[in-house]
Amino acid sequence: MSTDEQPTTPAPAPTSAPSPTGPDLARAALAAARAEARAKGADARRTRRTRARRTASTTRSGSGPDDRDPQLLGSVVDRMVTERGWEQPVAVGGAIARWPEVVGEQTAEHVRPESFDEGVLVVACDSTAWATEMRLLAPTLVRRLNEELGDGTVTRVRVLGPAAPSWRRGRLSAPGRGPRDTYG
């Protein structure tokens, strides 16, 4: 090696800009497609598919109410009750919920509705005195309920007296009918 010769190092390669990836690549492709569309004279926002979709839909929602519009909850529930035939059970449930208004505050404190099935309303009373009273007032109660619910909804009122404890079972039970008290 001579002194005038210098060691040669490879020349650095020219650096190019890194190729775009991910979102940058998508933006670049979209920009190129828009430029190409402008060059052809086509509107980039309106394509054949969107024009075909617009003409295929013949019904349009106007300013008036439509079935596709949001509906009020009350009207939807009313329509569902009518479609499913629940008018009578809903009416009876409403009357039972307003029991103190139907029979009066004092009576409602001692008499409570238990069930309603096929026109028969079953009520339970606190004492035998109230059970006797309700048996006497049963026709009046049937008439009052039918006025509110519609004729023939309630056909009969069945009155239950107070529930007494059972003396039939247990360690200290004696044979026989048990105590004769009415518990009321």
**Report entry** Cα gyration tensor, the stretch 87-160 - rounded (a/c under 1.5), prolate or oblate
**Finding:** prolate
Requested in this report: For the stretch 87-160, calculate the relative contact order in percent as a whole number, restricting contacts to Cα pairs under 8 Å that are 6 or more residues apart.
Outcome: 33 percent
Query raised in the report: Could you give me the ³J(HN,Hα) list for the stretch 81-95, computed from phi with Karplus coefficients 6.51, -1.76, 1.60 and θ = phi - 60°, whole Hz, x at Gly and Pro?
Result: 4, 5, 4, 9, x, 9, 4, 5, x, 5, 5, 5, x, x, 5
Query raised in the report: What residues have an amide H closer than 5 Å to that of ARG158, excluding those fewer than 5 places away on the same chain, when H is modeled at 1.01 Å from N in the peptide plane?
Result: LEU121, VAL122, VAL123
Requested in this report: Determine ³J(HN,Hα), in whole Hz, for all residues of the stretch 101-113 in sequence, where each value follows from phi through the Karplus function 6.51 cos²θ - 1.76 cosθ + 1.60 and θ = phi - 60°; x replaces Gly and Pro.
Outcome: 6, 6, 9, x, 4, 5, 5, 5, 5, 10, 10, 10, x
Report summary line: Under the Karplus relation with 6.51, -1.76 and 1.60 and θ = phi - 60°, whole-Hz ³J(HN,Hα) for the stretch 125-137, x at Gly and Pro, equal 10, 6, 9, 5, 5, 5, 5, 5, 4, 5, 5, 6, 8
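Taken together, the values in this text are just the output of simple stated rules run on the coordinates, not laboratory data. It should be emphasised that the depicted structure is a prediction, and the values quoted were computed from it without experimental measurement.
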